[in-house]
1. Among K400/K461; K343/K400; K313/K652; K682/K708; K114/K313, which pairs are too far apart, with a Cα-Cα distance over 18 Å?
2. Order by neighbour count: R553, R622, fewest other Cβ atoms within 10 Å first, most last.
3. Compute the separation of the alpha-carbon centres of the range 149-188 and the range 685-725 and state it in Å as a whole number.
4. Considering only C-alpha atoms, what is the centroid distance from the range 206-275 to the range 469-541, in Å?
5. Can you give me the three principal axis dimensions of the chain from its C-alpha atoms, in Å, biggest first?
6. For the range 67-137, go through all pairs of different Cα atoms, get the mean of 1/r, take its inverse, and jot down that Kirkwood value in Å.
7. Using square roots of five times the C-alpha gyration tensor eigenvalues, list the equivalent-ellipsoid semi-axes of the range 504-546 in whole Å, biggest first.
8. Could you size up the charge dipole of the range 91-130 around its Cα centre, putting +1 on the beta carbon of Lys and Arg and -1 on that of Asp and Glu, and report it in debye to the nearest 20?
Amino acid sequence: MAITFNPETNIFYLDGKDITYAFYINRVGYVSHLYYGARISHDNLRFFRAPGRSSKTATPPGIDQGGLSYQFFDPELGFYGTSDYREPAVHVQSVEGDRILNLLYDSHEILPEKPAIGGMPSLTGGETLVLHMKDSVSGFGADLYYTVYDDSSVIARRAVYKNGGEHDCRLLRAYSFSMGLPGMDYDVMSLYGAWGCERHIETIPVHHGVVSVDSKRLSSSATLNPFMGLIAKGTTEHHGDAYGISLVYSSSFVLKAEVSMAGETVLTGGINDFDFSWKLGAGECFETPEVVIAYSADGIGGMSRAFHDVFRKHIINPRYVNASRPVVINNWEGTYFNFNTEKLKAIADAAEGTGIDTFVLDDGWFGKRDDATSGLGDWYVNESKLEGGLEAVIDHVHAKGMKFGLWFEPEMVNEDSDLYRAHPDYAIGKPGRPRCYGRHQYMLDLTRADVRDCIVDSVNKMLSRYGIDYVKWDYNRNVTDIYSIGRDADRQMEFAHRYVLGVYDICERIVNANPNVFFEGCAAGGDRFDPAMLYYFPQIWTSDDSDAEERTRIQYGTSIVYPLSAMSCHVSAVPNHQTHRMTPMRTRGDIAHLGATGYELDTTQFTDTDREAVSAQVDEYRKYEHLILGGDLYRIDSPFEGNFFTEMVVSKDKSEAMLLVYRRLSSPNAESKRIKLYGLDKSKTYYIEGLDITAGGDTLIHAGIALKYPKEDYTSAVYHVREVK
């Protein structure tokens, strides 16, 4: 069994692929963490515990014994008010106003498969332990869920909080987990950014006190992704201990690492408790989002591959996860709002024969929409702009043997729209108070069922009426003016969580109602790139910044958590529309091939040379697509640390690989560059096409190969590495 309990030692052992997670119930019933790391034997791990000593510590409730304090144990769920002064995972206020909890072990059960979370995405499958904890005075309880996998080196955790008392209570904090790590010799890794520079890597040392990563934007945000890495000192990309925490959630979040007075590190986090409270009636429950905790002894890269495996196998739609992806031509950067039926037909005509198989019509096809100031919310065709209606474009695209895609932004509304004129109350905001604009638009109140019904009905009508094969679902601003009409004053601070439950509801009802439509996520680029959205969207537009040089950092940082198959990566025109940089067509294609590839330009401007280049690029992408969809990523050179960006994607059976090399800037006396091909099988022999090299895997891993680069800036090359049998 993957999950076992030793009643003699009161220790739980959870064994997944290459990992063991262990905790125990101490003699007062406190649930204390013992170990998470490489797979180990089921020994009596309580010798791991060496509680420190400190003055001014309090004992657990009702126990007058010096030296015993919750402060000396690493919690599986931290709580407040009874001798533990570290960050609690749960903070609850009773009807009398006290905030005291003493959550102790009550019972447990082992389930053959993890149950779904109500109203939120989560991982599928996996043997699951449910640990029931209870406060004997108030009746308040917590059920802790632990899931392990035999195909992924992660553990999934969440909590369900229960009001077992006779009166209402109020959750002031409802995190998903707590967990301890020995010592404090770690760096915290986070993925920060902004529009156009999403998911850049930053590391800082943990220290006494709290290091936190959070968003208060009601989205997972480009500013900080819902991820925290705990990287042991001395760990590299390929060697050493690396832990990663990824929250399956798309609203405001927080993840924390706190070093105690004894020098131990406690992790916790989940829904951001800033501007949060939740009224919990007698007998009611509150489910928290799932957190996925990865571990690898093979460095940061091993941690990433653990995330990639579990998201591909247990959260991305199995219908699409390994299926060949659409290679799209999107008209946005080619035309912006300035198009008509004939222009769109011409773009499709010019793409014919290149291997591009999907035409996507972006913003501007609906309502009265000639710029960003009007039309959002009016999901009907602007026939004055599209002569012959949408059918004329769709039929033309389909006649070319291509699929047709359409852009939506369902969560938004313009003040200048039929929807807003009919229902101004649908927009988020407090009546009588001026609202904030973002991209000239307001946001619809998805906490309301009638608003969600309106969105679902209008989008599904479009998708059922027309032959639409692909949807690009955009989200171009973050929430402000947080207030919901009709909700009681004492429940307004439930808004952030209720909003994201509304997002998931409309996604469920639109995506599931249209199983033959491929949905791609977008949020002003990569502003809502998180595991929960991958449940609905097999790929997400990684960034509005499509410059190849910038994309090396954006895609490298994104790959810390997310698989290449989840990244939508396009070739765009030069000078690039975001940076005005000129990069070679070859380089733009090579970088875009490290994800689901496509094109973001005006094909009517193609020369014969351009057409040949695109055709060759699409053929090359299809050659390597199976590796992008299911292979193991090995990052070799970081674009954050030097002049080079090198990655290799290796098949699971290690019979072949794709090696991409890129150099940013040339110089008169270029440095010598040797590349070690991590990820190959040391016992196999390989041939590298294009270099005419045959060598053993052990040689290629340990000695590597030396490459010569062209004299130009921003140059790249791709090599096929295959086993010689």
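What follows draws every value from the coordinates through simple rules; no lab data is involved. Every value quoted in this text rests on a predicted model; they were computed, and no experiment measured them. Cβ sites come from the backbone with ideal geometry, for glycine too, and all protein chains shown count toward neighbours.
1. Details: K400/K461 25 Å; K343/K400 15 Å; K313/K652 14 Å; K682/K708 25 Å; K114/K313 14 Å.
Result: K400/K461; K682/K708 exceed 18 Å.
2. Numbers: R553 21, R622 15.
Ordered from fewest to most neighbouring Cβ atoms within 10 Å, R553, R622 come out as R622, R553.
3. After rounding, the separation between the Cα centres reads 45 Å.
4. 23 Å
5. Rounded to whole Å, the extents work out to 85, 70, 44 Å.
6. On the way: mean 1/r = 0.0688 Å⁻¹.
It works out to 14.5 Å.
7. Working: eigenvalues 79, 23, 12 Å².
Listed largest to smallest, the semi-axes of the range 504-546 are 20, 11, 8 Å.
8. Numbers: 2 positive and 6 negative charges, 32 e Å.
Dipole size: approximately 160 debye.
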